[in-house]
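The values are calculated or read from the model by the stated rules, or taken from the named source; none is laboratory data. From a predicted model like this one, the values you see are computed outputs, not experimental measurements. Glycine also receives a Cβ, built like all others from the backbone with ideal geometry; neighbour counts cover every protein chain displayed.
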């Protein structure tokens, strides 16, 4: 029996729990990763992460080129080096940190897997009018137009095959997607893909707290439906592979800050610099799907080894 030894990056487990290049500038809501009724499924998310973790995150990519990425909204506060209060939309507590990544809500008990970017422009009714941009060249993988079926509301998922690993970016709570935007379509960095909004399913985002929920991360498994069906959530999975429970992100703001400071040039370098917080072994007879899809995110083929001379 093969037993891969996996590790989890420290900032993914403990990020804030209880506690661009210059020339490339461009109380708590219930965001629950597509969970039924909009309820946060923290235990499910943690279980999913412990099912694959960020496998060894020892990506040998130091020689890779610097990626090209833009901020996904017209908000220039990040590019101008302004404080988080000018970048992030607070989630009702008044604390800008509640719009950041990690255990930033409900006294550290609610995990927020992305950042909420403030609106800059509004119409006469107070509705946000900010355009939403594709952060990198990529392909549209999923569009949810039925806002009531997800705690993300109306959302778009892009995949970025041109970078290693091929991360996804997610854009949520949209009021509308760009005319003609369709699954399978190629998009370019900075292309308008949507308009900011405050759509959500299972809970309400007040108009004055409209924002873009933005994620960068990796897709967990192609076998998500089997996992979901076996958990008895009580409602169907309306989003296939692109259910938020199957999309596991890292901190976009931390990555972009390190990128701007030229501490990292790409996602592989960023992941490889993460401190390891957890190591565990999972008994399996096959190479995990995650490792097959993201081979550069593994170390020595996921440390597969024989245990007690047993095999299948």
Residues that are closer than 22 Å to residue 146 by Cβ, over 18 Å from the mean Cα position of the chain (by Cα) and outside any loop (DSSP other than H, G, I, E, B), drawn from the stretch 164-208: 175, 176, 177, 187, 192, 195, 197, 207
Among the residues listed as 95, 123, 116, the single one being over 21 Å from the mean Cα position of the chain (by Cα) and surrounded by 15 or more Cβ atoms within 10 Å (Cβ to Cβ): 95
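Table: residues versus (1) at pLDDT below 95; (2) part of a loop (DSSP other than H, G, I, E, B); (3) closer than 12 Å to residue 213 by Cα.
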| residue | (1), (2), (3) |
| --- | --- |
| 125 | no, yes, no |
| 135 | no, yes, no |
| 148 | yes, no, no |
| 152 | no, yes, yes |
Test: residue in the stretch 218-228 that is over 17 Å from residue 118 (Cα atoms), part of a strand (DSSP E or B) and touching a strand residue (DSSP E or B) at 6+ places or on another chain (Cβ under 8 Å): yes
Tabulated pairs, the stretch 95-107, first closer than 14 Å to residue 214 by Cβ, second in a strand (DSSP E or B), C-beta under 6 angstrom, 6+ apart or interchain: 99/88; 99/116; 100/88; 100/115; 101/115
Output for the stretch 248-263, where each listed residue is in contact with a helix residue (DSSP H, G or I) (Cβ under 8 Å, 6 or more places away or on another chain) and assigned to a helix (DSSP H, G or I): 253, 254, 255, 258, 259, 260
Tally of residues being assigned to a helix (DSSP H, G or I) and at negative phi across the stretch 80-119: 8
Residue list for the stretch 265-293, filter: within 30 Å of residue 70 (Cβ to Cβ), touching a strand residue (DSSP E or B) at 6+ places or on another chain (Cβ under 8 Å) and part of a loop (DSSP other than H, G, I, E, B): 274, 275
